[in-house]
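The values are calculated or read from the model by the stated rules, or taken from the named source; none is laboratory data. Please read these numbers as outputs of a predicted model, since none were measured by experiment. Neighbour counts are summed over all protein chains in view; Cβ atoms, including those assigned to glycine, are modelled from backbone coordinates with ideal geometry. These area figures cover heavy atoms from the full protein model, side chains too; ligands, DNA and RNA do not enter into them. Shrake-Rupley method; radii C 1.70, N 1.55, O 1.52, S 1.80 Å.
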Amino acid sequence: MVDLRLFPGLLAPPSGLDFLAGLPAEEGLHLVAFGEGAIPALQVAVREQAKSLVLLSPIVRKDALLAAKVAALRFGLERGGVEGFAQVGRALFFGPESVGDEEIFAAWREGLSREGVEAWLSRVEALGDERRWLRGTGARVLVIQGAWDAFTPPFYGKEVADFAKGEAVRFALEGAGHFVPWEAREEVLDLVKDFVSGEGFRPLPGGLAL
C-alpha cells in the first residue's frame, strides 16, 4: 500500500503542498514536508519506518543567524502587524525570480493571519537542534532548496543531508528562494515524483546528485 503524507508547515500559501498529493510511489510510507514541517515529518518517519522523506527548505535547528532573522520578522509583526511581517518576509523568503511578482506575493500574503504568524514565530523561536531525528530513520532523504534562499541558505540543507542515516540527495534550484515548492513548482514536482517512485535516485558523496 502507498501512503504519501504532506506536512506543509505554518507559512505555506493556502494551496499548501496539495500539488504533490496523489503522486505514484513505491509501496510504503512517503513523507513530504516544508519548512518547520520537517520536524513532525521526521518524528513520523522514525515511529512508522518511512521509506522516503522529502524535505523542502527544511528548518530543523536554530542558530544565531536564523535567530536574528526570526527576530527581524517578529519586529515586523509587532510594528506593522501581518503586513509588516509580510514585508520583512518578502526580503527573506522569495528568490530573485519571484520577489517582484505581485501575484505570487499576494497569494502568500492572503493566507497569513496574526494567529498563524504568531504560532510560526513561537515554534521557530523555541526550536533547538532536531537533527538527531535524522539518525533515527533509515528512510532515503531528498532535500530541495532554493539556491537564493536568504532565510535558510543551502548550507542548512547540506547539514540535513550529512546527518541523514539513510541515503540522501540534495538539490539547490537556481532562481528560487525559501518558498521553492511554489517558486519552482514544476521542477519540484518532477524531482519529488521521481524520488518517491524510486526512479532517478543516484546519491553522490557530499549529499549531491546527478
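Could you tell me whether Val82 is under 17 Å from the mean Cα position of the chain (by Cα), of a type in the set (A, V, I, L, M) and assigned to a helix (DSSP H, G or I)? For Val82, the condition - under 17 Å from the mean Cα position of the chain (by Cα), of a type in the set (A, V, I, L, M) and assigned to a helix (DSSP H, G or I) - is not met. Scan the stretch 16-35 for residues that are closer than 23 Å to Gly138 by Cβ and in contact with a Phe, Trp or Tyr (Cβ under 8 Å, 6 or more places away or on another chain) and the total you get is 4. Looking across the stretch 118-132, not a single residue is open to solvent by less than 30 Å² (accessible area, probe 1.4 Å) and small (Gly, Ala, Ser).
Could you list all residues from the stretch 1-32 that are in a strand (DSSP E or B) and under 18 Å from Arg123 (Cβ atoms)?
Initial filter on the stretch 1-32 (in a strand (DSSP E or B)): 2-7, 28-32.
Answer for the stretch 1-32, where residues must be in a strand (DSSP E or B) and under 18 Å from Arg123 (Cβ atoms): Leu6, Phe7.
Residues in the stretch 60-88 that are open to solvent by less than 30 Å² (accessible area, probe 1.4 Å) and without any contact (Cβ under 8 Å) to a residue 40 or more places away in the chain: Gly76, Gly81, Val82, Gly84, Phe85, Ala86.
If I filter the stretch 20-59 down to residues being open to solvent by 30 Å² or more (accessible area, probe 1.4 Å) and under 18 Å from the mean Cα position of the chain (by Cα), which single residue comes out as farthest from Pro153 (Cα to Cα)? My answer is Ala21.
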